[in-house]
1. Neighbouring Cβ atoms within 10 Å as the yardstick, rank Lys24, Lys44 fewest first.
2. Quick check: residue separation of Lys17 and Glu95 times 0.36 nm, minus the Cα distance between them. What number comes out in nm?
3. For a quick check: sort Asp48, Asp82 by the number of other beta carbons within 10 angstrom, fewest at the front.
4. P(r) of the range 8-102 in 5 Å steps, Cα pairs, percent per bin?
5. I'd like the orientation of helix 68-78 relative to the chain: the angle between its Cα long axis and the longest Cα principal axis, in ° from 0 to 90, rounded to 10.
6. Per DSSP H run of n ≥ 4, the term is -39500 (n - 2.57); total these for the chain, divide by its residue number, and report the mean residue ellipticity at 222 nm rounded to 500 deg cm²/dmol.
7. Quick one: Leu3, Leu60, Leu89, fewest Cβ neighbours within 10 Å first, how do they rank?
8. Taking amide H positions as placed in the peptide plane 1.01 Å from N, state which residues far from Arg85 in sequence (5 or more) or on other chains have amide H under 5 Å from it.
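Read-outs: derived from the displayed coordinates by stated rules, not from any lab. Since we're looking at a predicted model, the values are computed, not measured. Glycine gets a Cβ as well: all are built from the backbone with ideal geometry, and neighbour counts include every protein chain shown.
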Amino acid sequence: MALPNLSPEDRARALAKAAEARQKRAEIRAKIKAGGMTFAAVMKKADDPVIARMKVSTLLESLPGFGKAKAAKLMEELGISDSRRVQGLGARQREQLMERLG
């Protein structure tokens, strides 16, 4: 798939939008790590475009007591791909994550 030819203004807008989304995801991860937001609260907001596009592995790694190894082990046990995003989780996968972490 070829990339569209964007005008400099369109490109600047797209870059600003992407930077804003990254900033919002970083704020959410910081809230989770600090204990200000629970995993269940994040999953309830899964329809939010910023949260929906967050990788599940990144979300799990943000939880207190979780690191890369523990998050990878949990995802492997539940059959969740490393590249899976929150919006791409199946109903069963969501349910299993909520049972373990909710």
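1. Values: Lys24 15, Lys44 12.
Placing the least packed residue first, the sequence is Lys44, Lys24.
2. Details: separation 78, 0.36 × 78 = 28.08 nm, distance 3.17 nm.
Result: 24.9 nm gained on full extension.
3. Working: Asp48 15, Asp82 11.
Final ranking by Cβ density, sparse to dense: Asp82, Asp48.
4. 2, 13, 24, 25, 17, 8, 5, 4, 1, 0
5. 70
6. On the way: 6 runs with 66 residues, N = 102.
Value at 222 nm, helices only: -19500 deg cm²/dmol.
7. On the way: Leu3 5, Leu60 23, Leu89 19.
By the 10 Å Cβ count, ascending, the order reads Leu3, Leu89, Leu60.
8. Placed amide hydrogens put Val56 under 5 Å from Arg85.
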